[in-house]
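Quick one: structure below, then a few questions.
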Protein chains: 2
Amino acid sequence: RKKILVTGGAGFVGSHLVDKLMMEGHEVIVLDNFFTGQRKNVDHWMHHPRFSLVVHDVTEPIMLEVDEIYHLACPASPPHYQYNPVKTIKTSTMGTINMLGLAKRVKAKILLTSTSEIYGDPKVHPQPESYWGNVNTIGPRSCYDEGKRVAETMMYSYKNQNNVDVRVARIFNTFGPRMHPNDGRVVSNFIIQSLQDKPMTIYGDGSQTRSFQYVSDLVDGLHALMNGKYDLPVNLGNPDEYTVKHFAEYIKEITGSKSEISFLKATQDDPTQRKPDISTAKRELNWEPKVTVKEGLHKTIAYFSRVLDETG
Amino acid sequence: RKKILVTGGAGFVGSHLVDKLMMEGHEVIVLDNFFTGQRKNVDHWMHHPRFSLVVHDVTEPIMLEVDEIYHLACPASPPHYQYNPVKTIKTSTMGTINMLGLAKRVKAKILLTSTSEIYGDPKVHPQPESYWGNVNTIGPRSCYDEGKRVAETMMYSYKNQNNVDVRVARIFNTFGPRMHPNDGRVVSNFIIQSLQDKPMTIYGDGSQTRSFQYVSDLVDGLHALMNGKYDLPVNLGNPDEYTVKHFAEYIKEITGSKSEISFLKATQDDPTQRKPDISTAKRELNWEPKVTVKEGLHKTIAYFSRVLDETG
Ligand SMILES: NC(=O)c1ccc[n+]([C@@H]2O[C@H](COP(=O)([O-])OP(=O)(O)OC[C@H]3O[C@@H](n4cnc5c(N)ncnc54)[C@H](O)[C@@H]3O)[C@@H](O)[C@H]2O)c1
Ligand SMILES: NC(=O)c1ccc[n+]([C@@H]2O[C@H](COP(=O)([O-])OP(=O)(O)OC[C@H]3O[C@@H](n4cnc5c(N)ncnc54)[C@H](O)[C@@H]3O)[C@@H](O)[C@H]2O)c1
Ligand SMILES: O=c1ccn([C@@H]2O[C@H](COP(=O)(O)OP(=O)(O)O)[C@@H](O)[C@H]2O)c(=O)[nH]1
Ligand SMILES: O=c1ccn([C@@H]2O[C@H](COP(=O)(O)OP(=O)(O)O)[C@@H](O)[C@H]2O)c(=O)[nH]1
Ligand SMILES: O=c1ccn([C@@H]2O[C@H](COP(=O)(O)OP(=O)(O)O)[C@@H](O)[C@H]2O)c(=O)[nH]1
Ligand SMILES: O=c1ccn([C@@H]2O[C@H](COP(=O)(O)OP(=O)(O)O)[C@@H](O)[C@H]2O)c(=O)[nH]1
């Protein structure tokens, strides 16, 4: 039984991770400022004796005694991380320094949820961990991309200099229940639009690609990474690649929607292709995704149907 | 007459910039923690009524009232910035956030000295400002490279979000008097080695290239950038490109040295080529380097001869 801190634990990915850690019998502390997270994502644990919620901003120092830190705190969807770019950067820089300072002091193992965005608009496809990326330092996405890039740098600097035991996951697009309905990411947008027979909004011509992973696979991967010995960055994603246009049509088909597909202005610096090379995760963690995109979509569509029913 | 803050003003570049600003009649405040800077670089201004020295670390907040900030504080030579990578990152991240917070509060214009290192090991040659770079997030140079990359991101985030008036200079290899003799950079190493007839240490086979700018040109460029209207990143460098091997031979020739040339192990992630495209600086600032590498080397060699004479 370990004491485990999950920063960003009231968010989409964090709350699923918390479920797994609680089910395993650990003591779990969630640290979240509720910027994009919601109390209701962890409400079911609120009175559990092994669970605590600390409403706190990671950009401020905090003293805790823990064995492991899953450091997720950071808005993840483009509209959210671009809402207050200065805050996004402070979260990735000061937030990660604080969590590394904590990990160093209490000798905790720490895992950072980095992102496929550190590869930017990749010139190598699919992306292996050895690829250095193609990122604009001063574009609209850079508050997120460069924040995560330097957070990775911090992880290995504390490892080399202070013997902090680090893990770095580079997460590719992930979807599932508890995504915020106003999150603005493609999966939630397309599902909600199709369920409401509203126009499905494609940014650009829809030829850009993404590869989609169901959240339970990601949570298993994060857990395997934390508990394994491998301490270099590891891609976690499902290599099942779709053009955004095809993905829209697919969701329209599954939901039997009458939505039109409408093409809007492309967003600046939107990566044109993205697909993980997951050979490192297979080799080092014996991990690979188990849930197909189809299965995952069915579960997520069922979830959003319920959410829409409840909110009317 | 303006109040001007120069962080890192006791360092190599900073102290030359201070000389120019003092000669122009401004009030100058130097903020430096003396990590790689030296009091003697600004000693000649110490009792001047328009000059102040604040011994302070930029990673800590500070309250001042100024009109302009030249934000240089950051170790610049690989041995120095790799000596304490965690501190290097804190300097670029927390340091830049603090200076931007200050600039925002007092409505000061702020200039960041970024670097050609944000292009990493470039695949595009020469490097225009539009090139996004090729940087390893987790290598030995990344504490400097990624720190500067995210510092650039911070600059434009504060500009877009808080109307901070920003300038970003991407500086290419610069040399001249007041480089620290133990700095470890190629120009000071080669000159000192050749003056002492000691082996000139080439890392790798010497086929990597750099382009060298004399410090007075850089200072003119920084000044022109700060006082101009153009607020996107600008390369400042001299496109005169040398292989490191040729550069060693050239310095050996000028100094008439008996040094041998010795080839040591290459350092990890050492950029293989580097040369600025300076068309932006020419167009927007009407700036270009005036001092040839040859002239600059003569002045710098004369300087180091004096330093070696003094220290014996
Ligand atoms: N979901 C994906 O597709 C994806 C892909 C790549 C990386 N990631 C990473 O995974 C992590 C979780 O992503 P998510 O999809 O669950 O996003 P999310 O927005 O649902 O969750 C982020 C959580 O962090 C909290 N948070 C944000 N800033 C904070 C701060 N300053 N202090 C404390 N808490 C703060 C939010 O309130 C929220 O609960 C993030 O680090 C994200 O960058 C996610
Ligand atoms: N010289 C070059 O070739 C070159 C090339 C690219 C970029 N730059 C940039 O120009 C700037 C000046 O470089 P330089 O060659 O004069 O280096 P330098 O090492 O001589 O000067 C840096 C100065 O910053 C001070 N400093 C470092 N950390 C600090 C901290 N935390 N708080 C306060 N002061 C601190 C040092 O004491 C020193 O006086 C740096 O930002 C560097 O990254 C220089
Ligand atoms: O239990 C802790 C230990 C450290 N920190 C923060 O982590 C940061 C980085 O820690 P580190 O030890 O590297 O910094 P230092 O204290 O040496 O500046 C510091 O700003 C601390 O405020 C924290 O929040 N909790
Ligand atoms: O309503 C939407 C939301 C997103 N996208 C596109 O879908 C892809 C994935 O976007 P998302 O925001 O989900 O994640 P990203 O991978 O860009 O961070 C990108 O190319 C977006 O431009 C879209 O076409 N319509
Ligand atoms: O005169 C000032 C104003 C701000 N700051 C620092 O700059 C940082 C960023 O300022 P900002 O206004 O963005 O931050 P906030 O105060 O909103 O957290 C803060 O941590 C302040 O400590 C400073 O050192 N001097
Ligand atoms: O004694 C030295 C110092 C540097 N270099 C090489 O010279 C180039 C410039 O190195 P420096 O440290 O001056 O600057 P930077 O690598 O940051 O451009 C690099 O390829 C170094 O490997 C070298 O061969 N011998």
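Quick one: which residue in B:Thr300, B:Thr243 is modelled with pLDDT of 95 or more and farther than 30 Å from B:Ile4 by Cα?
Answer to the selection: B:Thr243.
Write out, first by first residue and then by second, each pair whose Cβ atoms fall under 8 Å of each other, whose residues are 6+ apart or on separate chains, and whose first residue, in the stretch A:205-223, is at positive phi while the second is among the basic types (Lys, Arg).
That search, which allows pairs on different chains as well, returns A:Gly206/A:Lys245.
Is it the case that the stretch A:207-228 has a residue that's part of a strand (DSSP E or B) and surrounded by fewer than 20 Cβ atoms within 10 Å (Cβ to Cβ)?
yes
Among the residues of the stretch B:93-113, which ones are over 23 Å from A:Gly95 (Cα atoms) and either at pLDDT below 95 or crowded, with 18+ Cβ neighbours inside 10 Å (or both)?
B:Ala108, B:Lys109, B:Ile110, B:Leu111, B:Thr113 - these are the residues of the stretch B:93-113 that are over 23 Å from A:Gly95 (Cα atoms) and either at pLDDT below 95 or crowded, with 18+ Cβ neighbours inside 10 Å (or both).
I'm trying to understand the selection: among the residues of the stretch B:61-81, which are crowded, with 18+ Cβ neighbours inside 10 Å and in contact with a helix residue (DSSP H, G or I) (Cβ under 7 Å, 6 or more places away or on another chain)?
Within the stretch B:61-81, B:Val66, B:Glu68, B:Ile69, B:Tyr70, B:His71, B:Leu72, B:Ala73, B:Cys74, B:Pro75, B:Tyr81 qualify.
Does the stretch B:177-199 hold any residues that are of a type in the set (A, V, I, L, M, F, W, C), more than 18 Å from the chain's Cα centre (by Cα) and within 12 Å of ligand 6 (Cβ to nearest atom), and which are they?
The answer is B:Phe190, B:Ile191, B:Ile192.
Does the stretch A:113-129 contain any residue that is within 16 Å of ligand 3 (Cβ to nearest atom) and in a loop (DSSP other than H, G, I, E, B)?
no
Quick check on B:Tyr70: is it without any contact (Cβ under 8 Å) to a residue 24 or more places away in the chain and not β-branched (Val, Ile, Thr)?
Here the answer is no, as B:Tyr70 does not meet what is asked.
Against the conditions (1) without any contact (Cβ under 8 Å) to a residue 60 or more places away in the chain; (2) surrounded by fewer than 22 Cβ atoms within 10 Å (Cβ to Cβ); (3) closer than 30 Å to A:Arg170 by Cβ, where does B:Pro140 fall short? Just the number, please.
The number of the failed condition is (1).
Hey, among B:Thr36, B:Thr137, which residue is closer than 27 Å to B:Lys275 by Cβ and within 16 Å of ligand 6 (Cβ to nearest atom)?
B:Thr36
Continuing with this model, one more query. Here is a list of conditions, (1) out of contact with any Leu (no Cβ under 8 Å at 6 or more places or on another chain); (2) closer than 27 Å to A:Tyr81 by Cβ; (3) surrounded by fewer than 24 Cβ atoms within 10 Å (Cβ to Cβ), and B:Glu129 meets all of them except one; can you say which number that is?
Of the numbered conditions (1) out of contact with any Leu (no Cβ under 8 Å at 6 or more places or on another chain); (2) closer than 27 Å to A:Tyr81 by Cβ; (3) surrounded by fewer than 24 Cβ atoms within 10 Å (Cβ to Cβ), the odd one out for B:Glu129 is (1).
Tell me which residues, restricted to the stretch A:241-266, are hydroxyl-bearing (Ser, Thr, Tyr) and either within 16 Å of ligand 2 (Cβ to nearest atom) or surrounded by 14 or more Cβ atoms within 10 Å (Cβ to Cβ) (or both).
Selection gives A:Tyr242, A:Thr243, A:Tyr250, A:Thr255, A:Ser257, A:Ser259.
Look through the stretch B:117-126, keep the residues that are surrounded by fewer than 24 Cβ atoms within 10 Å (Cβ to Cβ) and touching a residue at least 12 places away in the same chain (Cβ under 8 Å), and return whichever of them is farthest from the other protein chains (Cβ to nearest Cβ).
B:Pro126
Go through (1) under 30 Å from A:Tyr83 (Cβ atoms); (2) touching a Phe, Trp or Tyr at 6+ places or on another chain (Cβ under 9 Å); (3) surrounded by fewer than 24 Cβ atoms within 10 Å (Cβ to Cβ) one by one and return the number of the condition B:Asn160 breaks.
Among (1) under 30 Å from A:Tyr83 (Cβ atoms); (2) touching a Phe, Trp or Tyr at 6+ places or on another chain (Cβ under 9 Å); (3) surrounded by fewer than 24 Cβ atoms within 10 Å (Cβ to Cβ), B:Asn160 violates only (2).
What do you reckon, is A:Thr88 at pLDDT 95 or above, touching a strand residue (DSSP E or B) at 6+ places or on another chain (Cβ under 8 Å) and either within 16 Å of ligand 5 (Cβ to nearest atom) or hydroxyl-bearing (Ser, Thr, Tyr) (or both)?
no
While we're looking at this one, here's another question. Can you pull out the residues in the stretch A:283-312 that are of a type outside the set (Lys, Arg) and assigned to a loop (DSSP other than H, G, I, E, B)?
Correct list: A:Asn286, A:Trp287, A:Glu288, A:Pro289, A:Val291, A:Thr292, A:Gly312.
Of all the residues that make up the stretch B:133-159, how many are more than 7 Å from chain A (Cβ to nearest Cβ) and either assigned to a loop (DSSP other than H, G, I, E, B) or of a type outside the set (Asp, Glu) (or both)?
9
The values are calculated or read from the model by the stated rules, or taken from the named source; none is laboratory data. What you see is a predicted model; the values in this text were computed from it and never measured. With ideal geometry, Cβ positions are generated from the backbone for all residues, glycine too; neighbour counts draw on all protein chains shown.
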